[in-house]
Amino acid sequence: MTVSRTLTTTILTAGILAGGTMMATAPAQADAAPAHSYASQGDSGKSTTAQSESGTKTSAQADDRRDEIISRAQTWVDQGVPYNWDATHPDPQGKQYRMDCSGFVSMAWGLDDSLNTVTLPDVSHQIDKEELKPGDVLMKGGPGTEGANGHVVIFNGWANDEHTAYHALEENGSLGTVAHEVSYPYDQDDSFVPYRLNGL
């Protein structure tokens, strides 16, 4: 009788253990969750890919815009447009812009009007030196830079690996519209700051 009870208890215990073992297989079904998780990651991957493609498209559009800025600026360089803040000269589409440094930048940026060094910061924002790309500017601008107190030039790439000089396009008071090399930030004048057109 005792043996029978012991045997029954042993069999029941084994059955429970077997059942426990079967229950222990439940996590194997939980292992199927990562497959669902992978599907989610796949969707996320698609989303990330879409975002990446969107970012690439935006970057390509920014590059096209930069090329356009440099191309527009180059038209005045090629024409040798003289410096005259009391006169205007047409852009490639015939729109008139003031023939001074800020009028030149306004033309290259395709702004609605000829701004000046006081108001150009209203349509742009400061960036770090290492962020400079063609189409950005080096500017001594803001309040107090009216008339001859301010100046702005278009950045068109570094002229050396040390980033101590760059290729500039500018409407210069004594040279007219020129493309030449300038020491950073502008002939060693630390009051010049890098700026980028908003939305670029």
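Pull out all pairs, ordered by first then second residue, where Cβ-Cβ is under 9 Å, the residues are six or more apart or on different chains, the first lies in segment 75-87 and is part of a strand (DSSP E or B), and the second is surrounded by 14 or more Cβ atoms within 10 Å (Cβ to Cβ) and hydrophobic (A, V, I, L, M, F, W, C).
From segment 75-87, the pairs are ASN84/MET99; TRP85/MET99; TRP85/CYS101; ASP86/MET99; ALA87/MET99.
Pick out the one residue from TYR195, TYR186 that is aromatic (Phe, Trp, Tyr) and in a loop (DSSP other than H, G, I, E, B). Steps first, please.
On the way: TYR195 fails: in a loop (DSSP other than H, G, I, E, B).
Going through TYR195, TYR186 in turn, the sole match is TYR186.
How many residues are in contact with a helix residue (DSSP H, G or I) (Cβ under 8 Å, 6 or more places away or on another chain) and closer than 18 Å to ILE69 by Cβ when one looks only at segment 120-149?
Going through segment 120-149 one residue at a time, the tally reaches 8.
Taking segment 101-141 as the search range and keeping residues that are outside any helix (DSSP H, G or I) and either among the aliphatic types (A, V, I, L, M) or modelled with pLDDT under 95 (or both), which one is surrounded by the fewest Cβ atoms within 10 Å (Cβ to Cβ)? Spell out how you get there, then give the answer.
Filtering segment 101-141 for residues outside any helix (DSSP H, G or I) gives 110-119, 124-128, 132-141.
This time we only want the ones that are either among the aliphatic types (A, V, I, L, M) or modelled with pLDDT under 95 (or both), so: 111, 115, 118, 127, 132, 137-139.
Working: LEU111: 18, LEU115: 22, VAL118: 17, ILE127: 15, LEU132: 22, VAL137: 28, LEU138: 24, MET139: 27.
Going through the qualifying residues, I end up with ILE127.
Can you find, within segment 163-177, the residue that is nearest to TRP85 (Cα to Cα) among those that are open to solvent by 30 Å² or more (accessible area, probe 1.4 Å), more than 22 Å from the chain's Cα centre (by Cα) and not polar (S, T, N, Q)?
Among those that are open to solvent by 30 Å² or more (accessible area, probe 1.4 Å), more than 22 Å from the chain's Cα centre (by Cα) and not polar (S, T, N, Q), it is GLY173.
Criterion first (touching a helix residue (DSSP H, G or I) at 6+ places or on another chain (Cβ under 7 Å), under 17 Å from ARG66 (Cβ atoms), among the aliphatic types (A, V, I, L, M) and part of a strand (DSSP E or B)) does VAL152 satisfy it? Full working, then the answer.
Values: touching a helix residue (DSSP H, G or I) at 6+ places or on another chain (Cβ under 7 Å): yes; under 17 Å from ARG66 (Cβ atoms): yes; among the aliphatic types (A, V, I, L, M): yes; part of a strand (DSSP E or B): yes.
Spelling it out, VAL152 is indeed touching a helix residue (DSSP H, G or I) at 6+ places or on another chain (Cβ under 7 Å), under 17 Å from ARG66 (Cβ atoms), among the aliphatic types (A, V, I, L, M) and part of a strand (DSSP E or B).
On the basis of being open to solvent by 40 Å² or more (accessible area, probe 1.4 Å), under 16 Å from LEU200 (Cα atoms) and either charged (D, E, K, R) or modelled with pLDDT under 95 (or both), does ASP63 make the cut? Before you say what the answer is, go through the steps one by one.
Working: open to solvent by 40 Å² or more (accessible area, probe 1.4 Å): yes; under 16 Å from LEU200 (Cα atoms): yes; either charged (D, E, K, R) or modelled with pLDDT under 95 (or both): yes.
For ASP63, the condition - open to solvent by 40 Å² or more (accessible area, probe 1.4 Å), under 16 Å from LEU200 (Cα atoms) and either charged (D, E, K, R) or modelled with pLDDT under 95 (or both) - is met.
Would you please list the contacts, defined by Cβ atoms under 6 Å and residues six or more apart or on different chains, that run from a residue in segment 169-198 that is touching a residue at least 12 places away in the same chain (Cβ under 8 Å) to a residue that is open to solvent by 40 Å² or more (accessible area, probe 1.4 Å) and in a loop (DSSP other than H, G, I, E, B)?
Short answer, once both residue conditions are applied: GLU171/TYR83; GLY173/TYR83; GLY176/GLY80; GLY176/PRO82; GLY176/TYR83; TYR184/THR164.
The values are calculated or read from the model by the stated rules, or taken from the named source; none is laboratory data. This is a predicted model, so every value here is computed, not measured. Using ideal geometry, Cβ is built from the backbone for each residue, glycine included, and neighbour counts are taken over all protein chains shown. Accessible surface is based on the protein model in full, side chains and every heavy atom, while ligands, DNA and RNA are left aside. Shrake-Rupley method; radii C 1.70, N 1.55, O 1.52, S 1.80 Å.
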